[in-house]
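Below: one structure, written as structure tokens.
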Amino acid sequence: MLDKPQTTSMLDTPVNERMPREIAPGVFWIGDCLAQRHRGKVYHGYNAAFLVAGDDASILVETGHPKDFPVIERHLNELFGRGVAPLKYLFVTHQETPHCGGLGRILRTFPDSLLVGDVSDYHLAFPQYEHRMRAMNEGDEIDLGGRSFMAVEPVIRDLRTTWWGFDTRERVLFPGDGFAYSHYHEDGHCGLIAEEAVSLDLPDVSSTFADLALFWTKFADMNVYCDRLDHLIARLGVKVIAPTHGLPITDVAATVPKVQAGLKAAALMPETGTNEKVAAAS
Ligand SMILES: [Zn+2]
Ligand SMILES: [Zn+2]
């Protein structure tokens, strides 16, 4: 019904034309990067959103960073203009700004949509939308027509309220912060899947992200978490991983061990603290 997923021509496509990108049939990667400075380098991180399109309805996974709403809205309208099923659901993995910062604007812009997932506390910020919030628990599924979206175990979680998502048809896992790593803008990585970004040192960028954003990994045995991750991937038969901050992974067997190596390495290093402060221009 829509474009075939592009797997070979993307390296020749200008960066600003790569998104929305269909990473599996009916699963579209949308959103934008955010530049962050750390140890004299500029790291690019995604605050991505994904649209999963069924025959009858679509679900948006994550909302992007608040600054990205114009981009997210443009990408969504482009997809709906191409015949993608209307937006009926919004699922956010957890209550952090890069994941749910566009929640109110999505619910306002798409008045027929429901917020699904762990919906704790959102009614405090948006009492006007409380009647459109539906709690999901692990294993709960939403029928989109020809495919469903399921809440699954959040093996590597940022907040207590985290759920991960799963598309049952193309077996795409949406792990929120679970596979979090930056990429190098100057190497042209923006809009590429992990396997295309051959110059990206995945263990290094994964361990940097864990150091900055997932401090609890310093105090946990990450071997246990990585084993549990392998178990989840095998149990669900995951074929594609669509992380919020990392590049999408389409070769699970080859790429997941590299990310796990970064998580395990970061766990053994002392915490380095927050991002470098850049001197204000005077
Ligand atoms: Zn995050
Ligand atoms: Zn980028």
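The values are calculated or read from the model by the stated rules, or taken from the named source; none is laboratory data. Nothing here was measured: the structure is a model prediction, and the numbers come from that model. Cβ: placed from backbone, ideal geometry, glycine included. Neighbour counts: every protein chain shown.
Evaluation of R82 against the conditions (1) loosely packed, with under 15 Cβ neighbours inside 10 Å; (2) touching a helix residue (DSSP H, G or I) at 6+ places or on another chain (Cβ under 7 Å); (3) more than 29 Å from Q36 (Cβ to Cβ) shows that the sole unmet condition is (2). For region 179-219, filtering for residues that are under 20 Å from D251 (Cβ atoms), among the β-branched types (V, I, T) and in a helix (DSSP H, G or I) leaves 1.
Looking across I59, I30, one residue alone is modelled with pLDDT of 95 or more and out of contact with any Pro (no Cβ under 8 Å at 6 or more places or on another chain). It is I59.
Counting only strands (runs of 3 or more DSSP E) wholly contained in region 64-178, the ones carrying 2 or more residues that are away from ligand 1 (no atom under 15 Å from the Cβ) and touching a Ser or Thr at 6+ places or on another chain (Cβ under 8 Å) occupy 87-91, 141-143, 148-152.
Residues are listed down the side, and each one gets a yes or a no for (1) within 22 Å of D32 (Cα to Cα); (2) touching a His at 6+ places or on another chain (Cβ under 8 Å); (3) buried (at least 22 other Cβ atoms within 10 Å of the Cβ); (4) not basic (K, R):
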| position | (1), (2), (3), (4) |
| --- | --- |
| S113 | no, no, no, yes |
| V116 | no, no, yes, yes |
| V155 | no, no, no, yes |
| F174 | yes, no, yes, yes |
| D177 | yes, yes, yes, yes |
| A180 | yes, yes, yes, yes |
| G188 | yes, no, no, yes |
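Within region 4-58, if we keep just the residues that are aliphatic (A, V, I, L, M) and under 17 Å from D68 (Cβ atoms), the residue that is surrounded by the fewest Cβ atoms within 10 Å (Cβ to Cβ) turns out to be A35. Going through (1) crowded, with 16+ Cβ neighbours inside 10 Å; (2) farther than 14 Å from R157 by Cβ; (3) more than 16 Å from ligand 2 (Cβ to nearest atom) one by one, D227 falls short only on (1). The lone criterion from (1) within 16 Å of ligand 2 (Cβ to nearest atom); (2) closer than 23 Å to Y129 by Cβ left unmet by R105 is number (1).
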